[in-house]
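**Q** For reference, the structure I am asking about is given below.
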Amino acid sequence: MGTVSFFTPEEKQTFFSVYRRLLSDLSSCLEKDDLRKMKALMQQINVSDCYGRDPNGINGLLRNVSTALIATSDIGLRRTAVIAMLLYRPVLKKHIPVEEVEATFGGEVSLLINRLQKTSDLYARNTAVNSENFHHLLFSFAQDVRVILIMIADRLCLMRLGKQLKADSRLRLATEVSYLYAPLAHRLGLYKIKSELEDLSLKYLDPEQYNHIKAKLNETKRSRDAYIAEFIEPVRRKLEAAGLQFDIKGRTKSIYSINNKLKKQQVEFEKIYDLFAIRIILDTPQERERSECWQVYSIITDMYQPNPHRMRDWISIPKNNGYESLHVTVLGPQNRWVEVQIRTRRMDEVAERGLAAHWKYKGVREERGLDEFMNDVRAMLETQDISPLDAMKTFKMDLYQDEIYVFTPGGELIKLPRGATVLDFAFAIHSQLGCRCVSGKVNGKNVPIRHTLNNGDSVEVLTSPAQKPKQDWLSFVATGKARSKIKQAIREESARTTEYAKELLQRRFKNRKIDVDEALMMRYIKKKGFKTVTDFYLDIAEERLEVNHVLEEYLDLERREKELAEHPEVRSAEQFVAPPQTDEMASSRDVLTIDKNLTGIEYKLAKCCNPIYGDAIFGFVSTQGIKIHRMNCPNAQEMFNRFGYRIVRARWSGKTDAGYSVTLRVIGHDDIGIVTNISSIISKENSMTLRSIHVDSVDGLFQGDITVLLSNTSAMEQLVKKIKGVKGVKQVSRLFG
C-alpha cells in the first residue's frame with residue numbers, strides 16, 4: 001500500500017498487525033484481483049500527502065486501516081464498504097478520479113464513496129452537528145445504512161485513540177458520540193460497540209466518576225466472580241443433564257450503565273446489586289432455536305423464583321434492529337436478583353454485531369425493522385417547516401425506545417415504543433388517520449386517544465372529519481412520527497388562522513379610518529399578557545377576543561399615553577407598579593457554537609452569571625451537561641484552576657431572535673417619573689420586554705433592580721445608554737445573578 005516511511009516504529013508495527021488482520025477478515029469476500037487492483041491505484045498517490053497526520057497528530061493511514069478493521073471484525077461490513085473506506089480519502093484529495101474507481105471496482109463502490117464524501121463535506125464545513133445542517137447529515141445516513149456503520153466505526157477508532165487527542169478535541173468528540181453515535185449504535189443493534197462508546201464518552205466527559213466506578217468494580221471483582229460461579233454451577237449441571245450444548249458466562253455491566261443506575265436510584269455503589277448478567281448461549285440448529293431457548297427458560301425458572309415484571313421475550317417477536325433473546329430476572333442465592341439472558345449462537349452474533357451481522361443469516365426471517373426506521377427518518381426530514389432542533393430531538397427520541405407489539409383489526413402486527421398511545425398507533429398507520437383520530441377501541445372497549453397501549457392489544461381507530469390536531473396532543477404521544485406530523489399540522493392551521501385574524505383586524509381599523517401604530521399595537525399586545533403575537537391573533541380568530549373591543553382598548557391606550565406625556569406626575573419611585581411578567585422568548589435557531597465547530601448541542605446558561613448573546617463566554621462540562629458561563633463569571637477562576645479539563649471553548653454564532661434575561665441596577669433621585677420614563681423606554685423597544693422592577697427608596701434616592709428580556713449585548717448597551725440619559729438617573733450597572 002505504498003510507502004510507510006512516515007510511520008513511527010510503534011505505528012509501523014501496529015499498522016502491519018492491523019493490516020494483516022484486515023486481510024484475514026476479508027479473505028473470504030475479496031474478489032481474485034482486488035488486492036492487485038488496489039495496489040495499482042495506490043501507486044498513483046503520495047501517501048504522506050493523502051494520509052498525513054491530522055491536527056491532533058493522528059496518522060491518517062493507520063486510522064483508515066484501523067477503522068476498516070472495526071467495520072469488518074466488529075460490525076461485519078465486507079468487500080464493497082471496505083474498499084470504499086480505503087479509497088475514499090484518495091478520491092477526496094483528488095489523487096484518484098472517482099471514475100477510475102468505478103471502472104476498477106464497479107458502481108456500488110463509487111456510489112458509497114460519493115455518499116461518504118457528502119458526509120465528510122459536512123464535517124469539513126464544521127456543520128456536522130449544526131442544527132441548520134442536521135437534516136443533511138441525517139439524509140446522508142438515511143440514504144445508505146453503510147454510511148452510518150462506517151461513521152460509527154470511525155468514531156470508535158477515534159475514541160480508542162482518545163489519549164492522543166488534544167483536550168478540546170477529545171471533549172468535542174466525546175460529546176458528539178454520547179448524543180449521536182452511541183444512540184445510533186444502539187438503534188442498529190451494535191450493543192457491544194454502543195457500550196464501548198458510552199464508557200469512553202463517560203471516561204472523557206467525567207473522568208472522576210468513571211475512575212470511581214472502575215475502582216469500585218476492581219475492589220468487588222473477587223466477591224462478584226465468586227457469586228457468579230455459585231449461581232452458574234448448579235445451572236450448568238441441569239443444562240448438561242438435559243443434553244444441551246451451550247456456553248454460560250457472567251458479564252459485568254458497563255460502567256456507563258452502572259453510572260446511570262447510580263443517578264437514577266440515588267444510591268451508593270454498594271447498594272446496586274444487579275451489576276452483572278448471566279448469559280447462556282446455545283449451540284443448536286436453526287429449526288430448534290425457539291424450543292431449546294424456552295427449555296432453558298423452564299429449567300432456570302424451576303430452579304430460581306422469577307420476577308414476572310422483568311421477563312422480556314424478544315424471540316417470539318424480535319426487536320426492530322434484529323435483536324433476539326429471552327431475558328428473565330430470578331432471585332438467586334443470598335436473595336439477590338440476577339438477570340439471565342438466553343439466546344443461540346446466531347442470536348448472540350446478531351446481538352453483538354447488529355443488523356450487519358444479520359445479513360450473514362439472510363433468509364432466516366424477514367427483517368424490515370431497519371427499513372421501517374429509515375423510512376420514518378426520511379418521512380420526518382421531509383416534513384415541511386420542521387425546525388432543525390425538533391428534527392434532532394425527534395430523531396433521538398426514536399433511538400432508545402423499548403418496543404411493544406399491537407395488532408390492527410385485520411391482524412397486522414404494528415411495533416411501537418413502550419408508552420405509545422392510541423394516537424401514536426393511528427399516526428403509525430397513516431398521517432391522515434392520526435389527524436382525524438377522536439378515540440379508539442382496544443380489545444373491543446372504547447378508550448380515549450391518550451390511552452396507553454400494552455403488548456398484544458388489538459386496536460381500532462375511530463375518526464371524525466371535523467377533528468384537527470391540538471397542541472395538548474404533544475404532551476402524550478411517544479413516537480417521533482406523531483410529534484412531527486402534529487407540529488406540522490398545528491403550524492399550518494395556526495398560519496391560516498393568524499392570517500385571517502390579521503386581515504379581520506386591519507379591515508376594522510380601515511373602516512374606522514384609523515392608522516395603526518405598530519409599536520403601540522405591540523405594547524398593547526404585551527399589556528394584554530400575550531406571550532407571542534400569534535397567540536393574540538389566535539384569540540381573535542377563535543373569538544376569545546372581540547375585534548371591536550380590541551379596537552376600543554387600543555384607542556384608550558393611545559389616549560392615556562398622550563396624556564401621560566403631556567402631564568407627568570411626580571410621586572415616589574416605590575409607588576411604581578411593574579407590568580405583568582412575561583416568559584422568556586424562545587430561540588428560533590441555535591446561536592451557540594461549542595468548541596471549534598459543534599452546534600446543536602444541548603446546553604444551559606449558567607444562573608450564576610446569566611450570559612447573553614455577545615458576552616465573552618466558555619463552556620463547562622458538568623454531570624448535568626454543558627453550562628455556559630461569562631468569562632468574568634465570579635466562579636470562573638475557580639473552575640479554570642480546579643477543573644481545567646472540563647472547560648470547552650464556546651462562542652456565539654449566526655443571528656439571534658432569542659430573549660436573554662439581564663438585570664440592571666439603577667440608582668437615581670426618588671421620583672416615580674424616572675421609573676416611568678425607564679419603563680416607557682423599554683416598552684417602545686420591539687425587541688425588549690420588561691420582566692420586573694424592584695424599587696427601594698432611602699433618603700431621597702432610589703435603587704431599582706430592573707430585569708429586562710433582550711436579544712444581545714449591543715441591545716443592552718444601547719438600553720444602558722438611554723437609561724443614563726434619563727433626567728435624575730445617577731448610575732446604571734449590570735448585575736451577575
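The values are calculated or read from the model by the stated rules, or taken from the named source; none is laboratory data. Quick caveat, the model's predicted, so the values are computed rather than measured. For the accessible areas, the whole protein counts, side chains as well, though only heavy atoms, and no ligand, DNA or RNA atoms are used. Shrake-Rupley method; radii C 1.70, N 1.55, O 1.52, S 1.80 Å.
**Q** If you roll a 1.4 Å probe over the heavy atoms of the protein chains, what accessible area per residue do you get for region 161-310, in Å²?
**A** Accessible area per residue: 50 Å².
**Q** In sequence order, what are the phi-derived ³J(HN,Hα) couplings for region 16-32 according to the Karplus relation 6.51 cos²θ - 1.76 cosθ + 1.60 with θ = phi - 60°, rounded to whole Hz, with x for glycine and proline?
**A** Result, rounded to whole Hz: 5, 5, 5, 5, 5, 5, 5, 4, 5, 5, 8, 4, 7, 10, 6, 7, 3.
**Q** Same structure again: Per Stokes-Einstein, at 20 °C and 1.002 mPa s, what whole-number D in µm² s⁻¹ belongs to region 35-85, with the Kirkwood radius over Cα pairs as the hydrodynamic radius?
**A** This corresponds to a translational diffusion coefficient of 177 µm²/s.
**Q** Would you mind computing the Rg to Rh ratio of region 178-220 from its alpha-carbon coordinates, Kirkwood style for Rh?
**A** A ratio of 1.07.
**Q** When the accessible area of region 46-106 is split by element with a 1.4 Å probe, what percent falls to carbon and sulfur?
**A** Working: 980 of 2070 Å².
The computed percentage sits at 47.
**Q** With a probe of 1.4 Å, find how much accessible area region 671-735 has per residue, and write the answer as a whole number in Å². Mind dumping the intermediate values first?
**A** On the way: 3060 Å² over 65 residues.
Roughly 47 Å² per residue, with all protein chains present.
**Q** Turning to a different aspect of this structure: Count the lysine pairs in region 157-233 that are 8 or more places apart or on different chains: how many have C-alpha atoms under 19 angstrom apart?
**A** Lysine pairs, 8 or more places apart or on different chains, close enough: 9.
**Q** Could you tell me what percent of the accessible area of region 388-539 is made up of carbon and sulfur, with a 1.4 Å probe and every protein chain present?
**A** 50 percent
**Q** Same structure again: Distance between Cα centroids, region 669-724 to region 498-549: provide it in whole Å.
**A** Cα centroid to Cα centroid, the span is 27 Å.
**Q** Let me ask you something else. Write down the Å³ per residue value for the convex hull defined by the alpha carbon atoms of region 288-336.
**A** Looking at region 288-336, the number lands at 80 Å³ per residue.
**Q** While we're looking at this one, here's another question. Students often forget the sequence filter, so: which lysines lie under 22 Å Cα-Cα from K485 once same-chain residues fewer than 8 apart are removed?
**A** Straight-distance partners of K485: K393, K396, K415, K468, K470.
**Q** Sticking with this structure for a sec: Can you tell me the mean projection area, over all orientations, of the convex hull of region 142-218's alpha carbons? Units nm², please.
**A** On the way: hull surface 21.6 nm².
Projected over every direction and averaged, the Cα hull of region 142-218 covers 5.4 nm².
**Q** Please calculate how many Å² of accessible area region 415-528 carries per residue, with a 1.4 Å probe and no DNA, RNA or ligand atoms counted.
**A** With all protein chains present, region 415-528 gives 53 Å² per residue.
**Q** Now, a different point. Mean separation of Cα pairs under 8 Å and 6+ residues apart, divided by the residue count of region 185-342: what relative contact order is that in percent? Intermediate results must be reported in sequence, preceding the final value.
**A** Numbers: 176 pairs, mean separation 34.1, N = 158.
Relative contact order of region 185-342: 22 percent.
**Q** Using Stokes-Einstein with the Kirkwood hydrodynamic radius over Cα pairs, what translational diffusion coefficient do you get for region 1-92 at 25 °C and a viscosity of 0.890 mPa s, in µm²/s rounded to a whole number?
**A** Diffusion coefficient, whole number: 181 µm²/s.
**Q** On the accessible surface of region 190-270, probed at 1.4 Å, how many percent belong to carbon and sulfur atoms?
**A** For region 190-270, the apolar C and S fraction of the accessible surface comes to 46 percent.
**Q** With θ set to phi - 60°, apply the Karplus curve 6.51 cos²θ - 1.76 cosθ + 1.60 along region 459-464 and write out the HN-Hα couplings as whole Hz, x wherever there is a Gly or Pro.
**A** Couplings: 10, 10, 9, 9, 10, 9 Hz.
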